[in-house]
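No lab work stands behind these numbers, since they all come straight from the coordinates. Computed from a predicted model, the values in this text were never measured in an experiment. Here Cβ is always computed from backbone atoms with ideal geometry, including for glycine, and neighbour counts include all displayed protein chains.
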Amino acid sequence: MIRRSLFGHLTRGFASRFLRSPREFSIFSSESEPESWKSTEGLIRCSANYAPLSPIVFLERAAKVYSHTTSLVYGPVRHTWSQTHERCLKLASAITRLGISPGDVVATFAPNVPAMYELHFAVPMAGAILCTLNARHDSTMVSVLLRHSDAKIVFVDSTLIKIVVEALNLLAKTDAKLPILVVISESNYTSDTWLPSNAFEYESFLETGESRFLVKKPKSEWDPISINYTSGTTSRPKGVVYSHRGAYLNTLATILLHGIRPFPVYLWTVPMFHCNGWCLTWGIAAQGGTNICLRKVSPKGIFDNIVMHKVTHMGGAPTVLNMIVNSSITDQKSLPHKVEVMTGGSPPPPQILEKMESLGFRVDHLYGLTETYGPGTHCIWKPEWESLPHEEQSKLKARQGMQHLGLEEVDIKDPVTMESVSADGKTIGEVMFKGNTVMSGYFKDLKATKEAFNGGWLHTGDLAIKHPDGYIQVKDRLKDIIISGGENISSIEVETVLYSHPAVFEAAVVARPDDHWGQTPCAFVKLKDGSNVNSQELIQFCKDRLPHYMAPRTVVFEDLPRTSTGKIQKFLLREKAEAMGSLY
């Protein structure tokens, strides 16, 4: 009887507290309540069972679980996770003291230095939106993007200060309000560039903040956490908006697909300004890892850091892999263990993958867009493939595979009818995505957002096939496909063959006008240092390995133009090919 009375007293007390303070609870309303729950009692949403998803919690947890583990290494600089957490709190506090309110934009213009990592947490902790500008942009583009984003502060690396000051001078000629400048400098930094009187130095600025700062977490997980501008070829790239929810989910998905266990050592060869480092800026914190910051990517720097810090994971576009496999013997070192490498971008040639494996790297090929928070699919390796010849394994690894756990679906569809293409490994359609890790939309561009989401799917503009096992394989960009005599030619397939030639360092294939065939393949090639091969030899090399109609009719030897993110600017090569006129 005593126990029953006590239990009744406690439950009655709980009920009375619930009735007295209804603001602490949110009972599902009839509008939002799932149909199957309408007759169910006892369901509540409160602080005990719900919080908006946000990557901020990864740092907060790391400070508790991995407190004394090294969080970051940059030359002589070493921080633990408790120190990184405290620094981010102070930085968020300092940002808030400048008058930054939730929803304001804070921009960065820097390479992979410690401040870039800290800002990925500090800016959202202040309730603001992070905008990581590509550190390879010129002053004109920087001024355009600062104005479009309405950035209130811009954190700039000292080596890039002249570009930003020139951008601010361009902004001053418009009606835009100039952002406050914070300079990320190293100990030996001296500047001969004029700076605004209200400019700050990063470390001094950070010290103005309070470590007891109350983090401003998102009220809704749909709130934006970052804006990432695409590396488009138009006068102004589009601003892709990420939400706290999408960033949280894509971070976890990327950790899983990359096989990142607790205590990884991650080498930052992927720019943090690109898709927020494929969401691993937040992901390394989630697993209590060590961030090895690398200001400049070079083969020697990669090999040295792997050996020195026992790096377990890294990432990079195919251009980085190409740089590694073609590096000098003096730069290469025997690796202490297999290093896991994520690669994205255009499909890496199979021969590059095979050479990476021989150097001690295990490559996992990803596929995605800025609009999918970076990684969206990956080529899940199947045990039965282990017995296949290395050449066949490399071809399989070059596929784009299946969607990761953060996405609901990826499919290859006819962009007009929106019907799925046959999984026959031949029929070409457009790659389309659907799910929680697809962007919220394009910043200030509703028209472009609606076009991208036409039919309820994200249209990528990439052409691909679907194999019988469901794995997708990108064949080309929609605008890069070559139509010759009614036949579709994948520029990627021709480039893959060219890359297999021992003298070829880089290759890009585009369409050249042809009076008879409509278009024919035109190859732009950069040779390896000391190599010598003529155009006819390369054309014959392709004819020996491809149907003759797919082989280039023209070969041009020159350095290949690239975007600020390292992608080959095929639109410029197409212009050159068109200027050549018809082959006949």
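Our estimate of slack between Asp559 and Glu210, defined as 0.36 nm per intervening residue step minus the Cα-Cα distance, is 120.6 nm. The protection proxy used here, the mean number of other Cβ atoms lying within 10 Å of each residue, ranks peptides 379-392, 548-561, 98-111 as follows, highest first: 98-111, 548-561, 379-392. Beta bridges per DSSP, both residues in region 492-584: antiparallel share near 75 percent.
For Ala507, the shell of other residues with beta-carbons less than 9 Å away shows a net charge of -1, using +1 for Lys and Arg and -1 for Asp and Glu. The sum of -39500 (n - 2.57) across all DSSP H runs of n ≥ 4, divided by the residue count of the chain, sets its helix-only mean residue ellipticity at 222 nm to -9000 deg cm²/dmol. Here the 3J(HN,Hα) profile of region 212-225, calculated from phi with Karplus coefficients 6.51, -1.76 and 1.60 at θ = phi - 60°, is 8, 4, 8, 4, 9, 6, x, 6, 10, 5, 7, 4, x, 10 Hz, Gly and Pro shown as x. Rounded to whole numbers, the Karplus 3J(HN,Hα) couplings from phi for region 279-292 are 6, 7, 4, 7, x, 5, 5, 4, 9, x, x, 10, 8, 9 Hz, using 6.51 cos²θ - 1.76 cosθ + 1.60 with θ = phi - 60°, and x at Gly and Pro.
Taking 0.36 nm per residue of separation and subtracting the current Cα-Cα distance, fully stretching the chain between Asp150 and His516 would add 126.6 nm. Once C-alpha pairs closer than 8 Å and six or more residues apart are averaged by separation and normalised to the residue number of region 432-584, the relative contact order reads 18 percent. When you count the other C-beta atoms within 10 angstrom of each residue and take the mean per peptide, 461-469, 417-425 line up highest first as 461-469, 417-425. Quick one: which residues, 5 or more positions from Ser243 or on another chain, have an amide H under 5 Å from its amide H? H modelled 1.01 Å from N in the peptide plane, none for Pro or chain starts. Here Ile225, Ser440 satisfy the definition. Extension gain for the segment Lys177 to Asn532, taken as residue separation times 0.36 nm less the Cα-Cα distance, is 122.3 nm to one decimal.
Could you give the distance between the Cα centres of region 87-139 and region 328-357, to the whole Å? About 33 Å separates the Cα centre of region 87-139 from the one of region 328-357. Extending 7 Å from Cα along the Cβ direction at Ser197 and again at Val77 yields two label points whose distance is 3.0 nm. In this simple spin-label approximation, Glu386 and Glu578 carry label points 7 Å from Cα along the Cα→Cβ vector, and these lie 5.2 nm apart. Normalising the average separation of contacting C-alpha pairs (under 8 angstrom, six or more residues apart) by the number of residues puts the relative contact order of the chain at 10 percent.
What translational D, rounded to a whole number of µm²/s, comes out for the chain from Stokes-Einstein when the hydrodynamic radius is the Kirkwood one over Cα pairs, at 10 °C and 1.306 mPa s? D, rounded to a whole number, is 61 µm²/s. The ratio of the alpha-carbon radius of gyration of region 313-437 to the globular-protein estimate 2.2 N^0.38 Å is 1.17. Counting Lys and Arg as +1 and Asp and Glu as -1, what is the net charge of the other residues whose Cβ lies under 15 Å from the Cβ of Arg295? Its environment carries a net charge of 0. Across region 498-507, coupling constants 3J(HN,Hα) worked out from phi with the 6.51/-1.76/1.60 Karplus curve, θ = phi - 60°, read 4, 5, 6, 6, x, 8, 8, 8, 9, 8 Hz, and Gly and Pro carry x. Where a Cα-Cα gap under 19 Å defines reach, which aspartates and glutamates qualify for Lys447, not counting those fewer than 8 residues away within the same chain? Cα-Cα hits under 19 Å: Glu371.
A DSSP coil position with no more than 11 other Cβ atoms inside 10 Å describes the following trypsin sites (Lys or Arg not before Pro) in region 275-345: Lys296, Lys338.
Remark: spin-label model distance Ser101-Lys300 equals 5.2 nm, labels positioned 7 Å along the Cα→Cβ axis. A simple count of charges around Asn322, restricted to other residues whose Cβ falls under 10 Å of its Cβ and scoring Lys, Arg +1 and Asp, Glu -1, yields 0.
The amide H of His79, built 1.01 Å from its N in the peptide plane, has Ser71, Leu72 as neighbours under 5 Å, considering only residues 5 or more places off or on other chains.
Would you mind computing the Rg to Rh ratio of region 456-540 from its alpha-carbon coordinates, Kirkwood style for Rh? Expressed as Rg/Rh, it is 1.05.
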